[in-house]
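J.: A single structure is presented below for examination.
Nothing in this text is a laboratory measurement; each read-out follows from the coordinates by a stated rule. What you are looking at is a predicted structure, and each value in this text was computed from that prediction instead of being measured. All Cβ positions, even for glycine, are placed from backbone atoms using ideal geometry, and neighbour counts span all protein chains on display.
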Amino acid sequence: MNQYLTERRLCWCYGLLAVLLAATVICLGIPYNHWKATLDVCPGSWLENNNCGCILYGVSTYQYFTGGHNSYCLYAVFAPIPILVYALIMAIFHMYRVCINNIGEYEGEKSTTMDEIEGETIVVTTRSRAAQNIDGVIFCWIPTSSVAAVFAVYNLIHASIITDGFLKTCQQYRGYLVREVRASGDQATAIHFRLSCQAIFDFMDYIQKDAPNSRRGDFINTGISMEIAIITSWLAVVLWIAVAVYTAIRAYKERDVLTCCGK
């Protein structure tokens, strides 16, 4: 895999990362903004200012269903933005090099022609087109691979937190739903063990009462929105790993330039 192909793949990876991370931010921001007033009903006095309007890590109390602390949702929504900006910049950078400059397109390319002269002689010509000057970007492969590895861990932590928060809210709302609909026996069993989290959040969308003096506005599909955010976040982790691998492989191939003892 030559440099041109590597950068073309990196262009696609970074572009997809920008799309996935943007989808994560949007699909988490919508339910957070939709539910923050309704779920912000923490028990205690107004002096405590618990700020429990987050759709993640919701808690079923004796009177209300409250959200998790707002810091969870603020982290979930804003944490991907720095790596989103980085991915977008790198996508534009590699797109420019691949689509406009065609950097490394003919690196190591060889072509063989066979000609017959006077019916006797066969001439084989081998042509190799490679960059005459060392491309400065090759010195960035190791740092870029390291950054991608760090961002993969960063994104992994983010994906783990929103997944865990989603499941905790789902689990807590199961108990709240059983109490609200006064389910018992097989009905309670079905709610706890048979209904998917998507179905649980569908109940939440339509039966969760507004908090005093607050309005949710229109109904949304909370479950789908959050599930999309979780899926895109985990896919972004995979792509960061792919970027780290691609750049590490390229750094290994350029070891004769990057090190003094590569040859």
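J.: Output ³J(HN,Hα) for segment 88-93: one whole-Hz value per residue in order, computed from phi by the Karplus curve 6.51 cos²θ - 1.76 cosθ + 1.60 with θ = phi - 60°, and x for Gly and Pro.
T.: 5, 5, 5, 5, 5, 4
J.: If I take R0 = 30 Å and measure r between the Cβ atoms of Ser146 and Trp12 in this structure, what FRET efficiency does the formula 1/(1 + (r/R0)^6) give, to the nearest 0.05?
T.: After rounding to 0.05, the efficiency reads 0.90.
J.: Using the Karplus equation 6.51 cos²θ - 1.76 cosθ + 1.60 (θ = phi - 60°), what ³J(HN,Hα) coupling, rounded to whole Hz, does each residue of segment 173-184 give in order, writing x for Gly and Pro?
T.: Taking θ as phi minus 60°, the curve returns 6, 4, x, 5, 5, 4, 5, 5, 8, 6, 7, 8 Hz for segment 173-184.
J.: A further question on this structure: Amide H to amide H under 5 Å from Tyr57: which residues, 5+ apart in sequence or cross-chain, H placed 1.01 Å off N in plane?
T.: Phe166, Lys168, Thr169
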